[in-house]
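Enquirer: Quick one: the structure is below, and I'll ask about it shortly.
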Amino acid sequence: MRMRYSRFSLGLLVSSLATRAFAFGNVPVVFPVALTWGKGSPDGFERDMIFVNGQMPGPTLNLEEGDDVEFIVTNWLPFGTTVHFHGIEQINTPWSDGMPGLSQRLIEPGATFKYKWTATQYGTYWYHAHSRGQLEDGLFGAIHIKPKENTSTPFSLISKSTKDVNDMELAAANPEIAVMSDWSHFTSEELQHIAETADIDIFCGDSMLINGKGNVNCPGVPFLMSVLPPIVLPLLAGENLTDKGCVPVTVGQPPFPKNLNAVPSNLYEGCKATNTGPYVFNVDASKGWVSLNFISTAAIQEMAVSIDEHPMWVYEIDGRFIEPQMVDAITLQHGSRHSVMVELNKPAKDYHIRVAGTGLGQKIYVSGLLSYNRGTKNSNSQPYINYAGTNTTADVTYLDDTTIVPFPPVHPAQTADQTYKLVMGRAGYSWQWSLDGTAPYNESLEDITPLLFDPNQLANTNLTITTKNDTWVDLIYIVNTAGGPEPPHPIHKHSNKAHIIGSGQGDFTWTNVAEAIKDIPESFNLDNPPYRDMAYTLLALADPTWVAVRYHVVNPGAFFLHCHIQTHLTGGMSVAILDGIDAWPKVPAEYQQGRNGF
Ligand SMILES: *[C@@H]1O[C@H](CO)[C@@H](O)[C@H](O)[C@H]1NC(C)=O
Ligand SMILES: *[C@@H]1O[C@H](CO)[C@@H](O)[C@H](O)[C@H]1NC(C)=O
Ligand SMILES: *[C@@H]1O[C@H](CO)[C@@H](O)[C@H](O)[C@H]1NC(C)=O
Ligand SMILES: *[C@@H]1O[C@H](CO)[C@@H](O)[C@H](O)[C@H]1NC(C)=O
Ligand SMILES: *[C@@H]1O[C@H](CO)[C@@H](O)[C@H](O)[C@H]1NC(C)=O
Ligand SMILES: *[C@@H]1O[C@H](CO)[C@@H](O)[C@H](O)[C@H]1NC(C)=O
Ligand SMILES: [Cu+2]
């Protein structure tokens, strides 16, 4: 018998609040979690925010594949909430998925809720609030699940040396978790109120954080304009970026009615620099390699991430190994997890980890440090990317996520049983969005009797996708540019992963993938395509674009499908998937309640 205990940690710190309960056999790993609301200043500016067991990010859940988990939330917040476990399949536990109105009722202030699930897969995941915009207030933390013994790893594709492979195995088993966030000085409630009263799409933040630490940078407008990527110029319509690096609210909004008087002047400008120190990853070069497991909790910013003078072997994406690719920079999009193996073979000193917002609406930046033990505290390192995330020399390489190859291979079915075309875009106002093309998924639908308890609660059936168990489903995400240029939308599917089987420019005019393949076979990969819990639509400046994903319905339950840009999610860019409705389980009595005791 293996001795087990709850494994809460944050990097090298062991959370003082972790309960170490000893257990044997199939007894679950227990994480007691207290949510509180209070003052914090992660970037040197104080605001009201959420803490998980007194910290932000919340403690990391360290697990082993196969573990049964009990995550027991006590809600001391002044509002209802839920917690979702991003990328966790919830096989046979759809009531623990944490989506209000789909899988549970809100956990009311003062109440306790026990999430129970099994860690059915290895990899890097995260947990976060899934009510309203609460993710933006700081309710998130990492999940790391060690693979079962004898799981084949891709490290021998990086080096033939047994020592290297052993070092990499050890590094992967004890990773440096890097939770990458963007941060605003406004609470999520304030942001939503501004969006709705001014009728604007808010894309301007204040800082970015690495493991909850960052600072406000104000490099000045001339500098910001000097690093501006050419693609942003037309959006500026002759204006300068604001001192926060944002496209001004007066020019950056699509052509819908708006009331700019309701925009507080300090939302888009009024940058006040802080100089909180950088987050430091202390590494021991004698170990040969380090694994940095990046998790994006971003609400708005897509990020370019690079470590000065250190190429990165990307070896795991969204909790699954890939054939490793060596690059100098990655693009970390909302919700994604990219784990990279880095060889510690450079002179012992400090190297910048550069994180640059690459969204069209704002140029924002933070840096952390990779600090070699016994090194000089000198961080005069050579960058691969600049403040805007652009390459500094012609030979800098970026990971192209569409080229990733799962390791070992995983094949989709060659045909699908059912196809859903989702024409996504804005819905009447700059801040309002639709994933199905007809209506926004109204936030107030969080308050209905959860669909898992009664699938007929949703009056507008356009907002549901209904599937049968053990069938293959194609979802075609078509980006509609009728409301103006569209950024890439990071679409997240709850429960199991999907194969990203194709993409293209222009409208998807075919009825299904089988028809499209006859005309454009080169746009599809039905062999071993990327396999992820995220899919990123393509930037659509003028014409539509499309992405096709295929998934196997294996886990009956009500699961959300939504854009992971927080403003798009709160603006309604989602639908409910009623997966395997012919085989839905009976919801246990303890989960039927509004608040389940334990
Ligand atoms: C792992 O592989 C070793 C060597 O092949 C074997 O002895 C061991 O039983 C395996 N462990 C598991 C859990 O399968
Ligand atoms: C933009 O900033 C530059 C100086 O950095 C200034 O000369 C120019 O007038 C500004 N343009 C506008 C439209 O404000
Ligand atoms: C960045 O890369 C592109 C494409 O390789 C190249 O054309 C450009 O010159 C590079 N930028 C710099 C500053 O070297
Ligand atoms: C969402 O629903 C609420 C409550 O029914 C309603 O007051 C509000 O107008 C709706 N919002 C939109 C954008 O339809
Ligand atoms: C559902 O979609 C159909 C087809 O696009 C549309 O005609 C209908 O009005 C939609 N229903 C609602 C309630 O939006
Ligand atoms: C749903 O289908 C999957 C895949 O065939 C199967 O493993 C699972 O047992 C089915 N679930 C139910 C409740 O029938
Ligand atoms: Cu979106």
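Enquirer: Out of Ala516, Ala459, I need the residue that is within 18 Å of Gly437 (Cα to Cα), more than 16 Å from ligand 6 (Cβ to nearest atom) and free of Cβ contacts under 8 Å to residues at least 40 places away in the same chain. Which one?
Expert: Every option except Ala459 fails the conditions.
Enquirer: If Leu445 satisfies all but one of (1) away from ligand 5 (no atom under 16 Å from the Cβ); (2) among the aliphatic types (A, V, I, L, M); (3) in a helix (DSSP H, G or I), what's the number of the condition it fails?
Expert: (1)
Enquirer: Evaluate the following for Asp417: is it acidic (Asp, Glu) and closer than 30 Å to Lys258 by Cα?
Expert: no
Enquirer: Being charged (D, E, K, R) and at negative phi is the filter here; which residues of the stretch 177-217 pass it?
Expert: Scanning the stretch 177-217 gives Asp182, Glu189, Glu190, Glu196, Asp201, Asp206, Lys213.
Enquirer: Kindly indicate whether any position in the stretch 219-237 is of a type outside the set (Phe, Trp, Tyr) and crowded, with 23+ Cβ neighbours inside 10 Å.
Expert: Pass one, the stretch 219-237, residues of a type outside the set (Phe, Trp, Tyr): 219-222, 224-237.
Within this subset, residues satisfying the condition of being crowded, with 23+ Cβ neighbours inside 10 Å are 224.
Looking through the stretch 219-237, at least one residue is of a type outside the set (Phe, Trp, Tyr) and crowded, with 23+ Cβ neighbours inside 10 Å.
Enquirer: Can you tell me which residue is nearest to ligand 4 (Cβ to nearest atom) among those in the stretch 440-472 that are of a type in the set (D, E, K, R) and surrounded by 15 or more Cβ atoms within 10 Å (Cβ to Cβ)?
Expert: Out of the qualifying residues, it is Glu443.
Enquirer: If you don't mind, another one. Which count do you get for residues in the stretch 292-333 that are within 21 Å of Arg374 (Cβ to Cβ) and in a strand (DSSP E or B)?
Expert: 3
Enquirer: Condition check: away from ligand 1 (no atom under 16 Å from the Cβ) and in a loop (DSSP other than H, G, I, E, B). Does Val396 satisfy that?
Expert: yes
Enquirer: Checking Ser434 against (1) surrounded by 17 or more Cβ atoms within 10 Å (Cβ to Cβ); (2) more than 16 Å from ligand 5 (Cβ to nearest atom): exactly one of these is not met. Which one?
Expert: Ser434 satisfies all of (1) surrounded by 17 or more Cβ atoms within 10 Å (Cβ to Cβ); (2) more than 16 Å from ligand 5 (Cβ to nearest atom) except (2).
Enquirer: What single numbered condition from (1) more than 14 Å from ligand 4 (Cβ to nearest atom); (2) touching a Pro at 6+ places or on another chain (Cβ under 8 Å) fails to hold for Gly437?
Expert: (2)
Enquirer: For Thr419, indicate whether it is of a type in the set (Ser, Thr, Tyr), within 26 Å of Asp579 (Cβ to Cβ) and away from ligand 6 (no atom under 16 Å from the Cβ). Reasoning before the result, please.
Expert: Details: of a type in the set (Ser, Thr, Tyr): yes; within 26 Å of Asp579 (Cβ to Cβ): yes; away from ligand 6 (no atom under 16 Å from the Cβ): yes.
So Thr419 fits the description; yes.
Enquirer: In the same structural domain as Leu332 (by TED's automatic domain parsing), in a loop (DSSP other than H, G, I, E, B), away from ligand 6 (no atom under 16 Å from the Cβ) and touching a residue at least 60 places away in the same chain (Cβ under 8 Å): is that true of Pro409 in this structure?
Expert: Spelling it out, it is not the case that Pro409 is in the same structural domain as Leu332 (by TED's automatic domain parsing), in a loop (DSSP other than H, G, I, E, B), away from ligand 6 (no atom under 16 Å from the Cβ) and touching a residue at least 60 places away in the same chain (Cβ under 8 Å).
Enquirer: Additional query: Filter the helices (runs of 4 or more DSSP H) completely within the stretch 168-265 down to those with at least 1 residues that are at pLDDT below 95 and within 16 Å of ligand 2 (Cβ to nearest atom).
Expert: In the stretch 168-265, the matching helices (runs of 4 or more DSSP H) lie at 233-236.
Enquirer: Mind listing whichever residues of the stretch 417-442 are assigned to a loop (DSSP other than H, G, I, E, B), within 21 Å of Ala498 (Cβ to Cβ) and either of a type in the set (Gly, Ala, Ser) or free of Cβ contacts under 8 Å to residues at least 24 places away in the same chain (or both)?
Expert: The one that is assigned to a loop (DSSP other than H, G, I, E, B), within 21 Å of Ala498 (Cβ to Cβ) and either of a type in the set (Gly, Ala, Ser) or free of Cβ contacts under 8 Å to residues at least 24 places away in the same chain (or both): Gly437.
Enquirer: Next question. Among the residues of the stretch 475-490, is there at least one that is at pLDDT 95 or above, more than 16 Å from ligand 5 (Cβ to nearest atom), in a strand (DSSP E or B) and under 21 Å from His128 (Cα atoms)?
Expert: yes
Enquirer: Can you find a residue in the stretch 240-247 that is in contact with a Cys (Cβ under 6 Å, 6 or more places away or on another chain), among the basic types (Lys, Arg) and surrounded by 15 or more Cβ atoms within 10 Å (Cβ to Cβ)?
Expert: Among the residues of the stretch 240-247, at least one is in contact with a Cys (Cβ under 6 Å, 6 or more places away or on another chain), among the basic types (Lys, Arg) and surrounded by 15 or more Cβ atoms within 10 Å (Cβ to Cβ), which makes the answer yes.
Enquirer: Further question: If I filter the stretch 498-522 down to residues being under 19 Å from Thr415 (Cβ atoms) and part of a loop (DSSP other than H, G, I, E, B), which single residue comes out as nearest to the chain's Cα centre (by Cα)?
Expert: Phe508
Enquirer: Next question. Kindly establish whether Leu452 is of a type in the set (A, V, I, L, M, F, W, C) and more than 16 Å from ligand 7 (Cβ to nearest atom).
Expert: Numbers: of a type in the set (A, V, I, L, M, F, W, C): yes; more than 16 Å from ligand 7 (Cβ to nearest atom): yes.
Spelling it out, Leu452 is indeed of a type in the set (A, V, I, L, M, F, W, C) and more than 16 Å from ligand 7 (Cβ to nearest atom).
Enquirer: Regarding the stretch 97-114, can at least one residue be identified that is over 20 Å from Val340 (Cβ atoms), buried (at least 24 other Cβ atoms within 10 Å of the Cβ) and either among the charged types (D, E, K, R) or within 16 Å of ligand 3 (Cβ to nearest atom) (or both)?
Expert: Checked the stretch 97-114: at least one residue is over 20 Å from Val340 (Cβ atoms), buried (at least 24 other Cβ atoms within 10 Å of the Cβ) and either among the charged types (D, E, K, R) or within 16 Å of ligand 3 (Cβ to nearest atom) (or both).
Enquirer: Which of the residues belonging to the stretch 530-586 are assigned to a loop (DSSP other than H, G, I, E, B) and out of contact with any Pro (no Cβ under 8 Å at 6 or more places or on another chain)?
Expert: If the condition is that a residue be assigned to a loop (DSSP other than H, G, I, E, B) and out of contact with any Pro (no Cβ under 8 Å at 6 or more places or on another chain), then Asp533, Asp543, Pro544, Val553, Val554, Lys586 are the ones that fit.
Enquirer: Sort out which residues of the stretch 472-523 are within 15 Å of ligand 7 (Cβ to nearest atom) and of a type in the set (D, E, K, R), and write them in order of number.
Expert: Glu486, Lys493
Enquirer: Scan the stretch 439-489 for residues that are β-branched (Val, Ile, Thr) and farther than 29 Å from Thr545 by Cα and jot them down.
Expert: Ile448, Thr449
Enquirer: Sticking with this structure for a sec: Of the residues that make up the stretch 114-134, is at least one touching a Gly at 6+ places or on another chain (Cβ under 9 Å) and part of a helix (DSSP H, G or I)?
Expert: No: zero hits.
Enquirer: Could you list, in sequence order, the residues of the stretch 379-418 that are in contact with a helix residue (DSSP H, G or I) (Cβ under 7 Å, 6 or more places away or on another chain) and surrounded by 18 or more Cβ atoms within 10 Å (Cβ to Cβ)? Before the answer, list the steps.
Expert: Initially, the stretch 379-418 is screened for residues in contact with a helix residue (DSSP H, G or I) (Cβ under 7 Å, 6 or more places away or on another chain), giving 415-416.
Matches in the stretch 379-418: Ala416 only.
Enquirer: Still on this structure: Could you list all residues from the stretch 128-187 that are charged (D, E, K, R), surrounded by fewer than 23 Cβ atoms within 10 Å (Cβ to Cβ) and in contact with a strand residue (DSSP E or B) (Cβ under 6 Å, 6 or more places away or on another chain)?
Expert: Matches in the stretch 128-187: Lys146, Asp167, Glu176.
The values are calculated or read from the model by the stated rules, or taken from the named source; none is laboratory data. Worth saying up front: this structure is predicted, and the values here are computed from it rather than measured. Note that we place each Cβ from the backbone using ideal geometry, even for glycine, and neighbour counts take in every protein chain shown.
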